[in-house]
C-alpha cells in the first residue's frame, strides 16, 4: 500500500529502542533515525494520508502540503544536527526527550484535524519539559515546574477553544480559522503562549537557559516554530498579529542588552526573531507568508548554531555569564568562528541566511505601506545585530581585555561537526537563495541581492557596529553585571508567593480562628454548660435553703462541689431521685 | 610559557589596525550613497545615508534606554526569587 510512514511515528516509536542499544550502535542509530525520517518525509505525496476513525472523529495524521513539508524538512535537519551535537553526553533522557519532542512537532505540522493536532501539541510540551528537568539542578526543576504550569494553562485554553470552535462550526479540520467568536480567540491565545507573545513570553526566557546544553538547542527549534506554523495555517492575514509581532521584535532587544547570562540573551533574541515571523503572518500576503516561513527555516539553524556555540563554551568552562567569560578565541578558535557565522546570519549580513529571509518580510511590509511596523522592524534588525551579532561573540570570545582566566580545550569533535554543518548551511542558504525559495509555500519572485538592498543593509549593520564601538570606547556601554532582570514572570513568581501568603495567612487564619472560637471556645462552653448547668441551676435553688436552714453550713464549699459533681456525672442517690420524681409527678397532678 | 605566547588581539597595534579598517569601511559605505542612487519602496530609503544614520541612532538609543531606563526598573539581585 503506502511505502511511507507518519513522520512522528518514526521519531517517537524509533526513540523507544534507544535505551536498549549499546554505545556505538546507539550513536549510529540516533543519527540514522532523522535521515530515514527525512527520506520518508520527502516521499510523502501531497494530500491526506493515514486517516483513522477514532470514536466519532475522522483523524488525519498525515496532511501534506508545501507549508507542512518545509517545516518538516527543517525539523529533520535540526534534529540531525542537534543529535550530533549531544553525542558526547550519551544521555538517554536527552535522546528520548529530544526525539519525542521533535516527533511531537512533526505530529503537529502533519495533523489534518484539531484532535490529533492537540494531542501532538501537548505531547511536544510534555516531552520538552524533560529536556529542562534533565539538567537536574534545583533551579532547572523549579523552572521546569513553572514551564509546565504556563503550558498547562495554554493547553487548556487551546482545548477549550478547539471544543467551542468545533461545536460552533462543526469542523475540526486544521485549516484557516481567523478571528471570529470565542473559540477562535481561545485557540489564538493558546498558540500565542507557545509563540511567546509579549507578556506571555517569560516562560521561554525563564526555562530555556535552565535546560541542558543540548536541550536548549532542541528547545530553541521546535516549540515556537510549531506555533509559527500553527499561526501561518490558521490565522494568516490577521491584522493584530502585525502589532503583536512588532512588539515581540522590539522589546526583547532592550532586555538582551542588559542581560548577563548569554543563553538568556539568546532566548530574548529568539523572541525577537519570532516577532519578524509573526509580523509576516499578520501581513498575510504570499510574499509575507513566504518570508515568515523562510525566516523560521533560517532561524532554526542560526539560532541553533548560536546556542550550540555558547553551549560548547559552557561545556568547557561551566559558565555562561558574560561576566565570567572573554578571550576564549585563543583556545576555542573553531567554536569562535562558528559563533561568528551564526552571529552574521542572525544579523542578516549579505551572503548569510537571514539576509534572504528577513528581507522578504521587510519588503512585504513596505509594499503595503505599513511604515510604522517597518520602522520598528528596522530598529529591531539593527538591535539584533547589536546584542546577538556583537554582544554574544564579543563577550564570549573577546572582551575583558581578552581573558577568561584559564586555559580550556577546544569543543569536542562531535560538537564541532554539528556547529560546522549548521554554519555551512547558514552560508549556503544565504548565498544560494533559490534553494530555500524553491521549497516555500508560494511561488517566489524576489531578488534579495539588489544593489540598494545590499548597500542599505551593510550601512545599517556597519553603523550599528559603529554605535557599539563608540559606546564601548567611551565607556558608556552598560557594564555586564551579575544580576537578575525581572520580566513578566514577576507576576506569577511573586504573585505565586503572594497567593501563597494570602492563602497561608488568610485560609490558615480562618482555620485557627474557627479552631479557637468554635472548636475550643463554643464547644467547650457548651460542654461546660451541659456538665455544670443543671447542677448550678439546682444549686441556685438549694443554696438559699441551705443558708436559711443552716444545713451543711460548716462544710458548704465541699458540699457545693459534691453537689455539682453529682449533677455532672448524673450520680444521684436513689432517695433524691425518688424525691425529685415525686415532686415532678405532684407538679403534673396539681397543674 | 603562557606569558610568552602572544595572541592576535593581545597586541594593541592589531586592534588599532582593525578599528581603522572598520571606520574606513563605514566612511566608504556612507559616501557611496551620494554617488549611486538606490531603488526603494519607501521614499526615505532614497535619502543618502538613511540606513547609516538610522542604524547608528537606533543603537545608541537602544543602549541608552536599556542602561538608564530599563535596568534601574528591572535589575534585582541574582537570588531575588529565592
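Helix A:286-317 versus the longest principal axis of chain A: what angle, 0 to 90°, nearest 10, using Cα atoms? Between the helix axis and the principal axis of chain A, the angle is about 80 degrees. Tell me the angle of helix A:92-110 to the major Cα principal axis of chain A, expressed in degrees between 0 and 90 and rounded to the nearest ten. In chain A, helix A:92-110 runs at an angle near 80 degrees to the longest axis. Round to the nearest 10 and give me the degree value, 0 to 90, for the angle of helix A:353-367's Cα axis relative to the longest principal axis of chain A. Roughly 80 degrees between the two axes. Hey, with R₀ at 30 Å, roughly what FRET efficiency would residue A:585 and residue A:537 work out to, going by the Cβ-Cβ distance, to 0.05? It comes out at approximately 0.90.
Here the contact order of segment A:1-111, divided by its residue count and restricted to Cα pairs under 8 Å and six or more residues apart, works out to 38 percent. Each of residue A:432 and residue B:25 was given a label point 7 Å from its Cα along the Cα-to-Cβ line. The distance between the two points is 2.5 nm. Remark: spin-label model distance residue B:76-residue B:18 equals 3.7 nm, labels positioned 7 Å along the Cα→Cβ axis.
Note on residue A:507 and residue B:32: the model spin-label points, each 7 Å out from Cα along the C-beta direction, lie 6.6 nm apart. Set the Förster distance to 45 Å, then compute FRET efficiency between residue A:548 and residue A:524 from the Cβ-Cβ distance, nearest 0.05. E between residue A:548 and residue A:524, to the nearest 0.05, is 0.80.
Hey, quick one: spin label on residue A:474, modelled 7 Å out along Cα-Cβ, who in segment B:58-82 has an amide N within reach, i.e. under 11 Å? The answer is B:60-61, B:64. The calculated 222 nm mean residue ellipticity attributable to helices in chain A amounts to -23500 deg cm²/dmol, summing -39500 (n - 2.57) over DSSP H runs of n ≥ 4 and dividing by all residues. Applying 1/(1 + (r/R0)^6) with r as the Cβ-Cβ distance of residue A:494 and residue A:372 and R0 = 45 angstrom yields a FRET efficiency of 0.85. Where the centroid of each part is defined by its Cα atoms, how far is segment A:298-365 from segment A:372-433 in Å? Between the Cα centres of segment A:298-365 and segment A:372-433 lies a distance of 2 Å.
Bear in mind that the values in this text are calculations on the coordinates, not laboratory data. All figures in this text were calculated on a predicted structure; none of them were measured in a lab. Backbone-built Cβ (ideal geometry, glycine too); neighbour counts: all protein chains shown.
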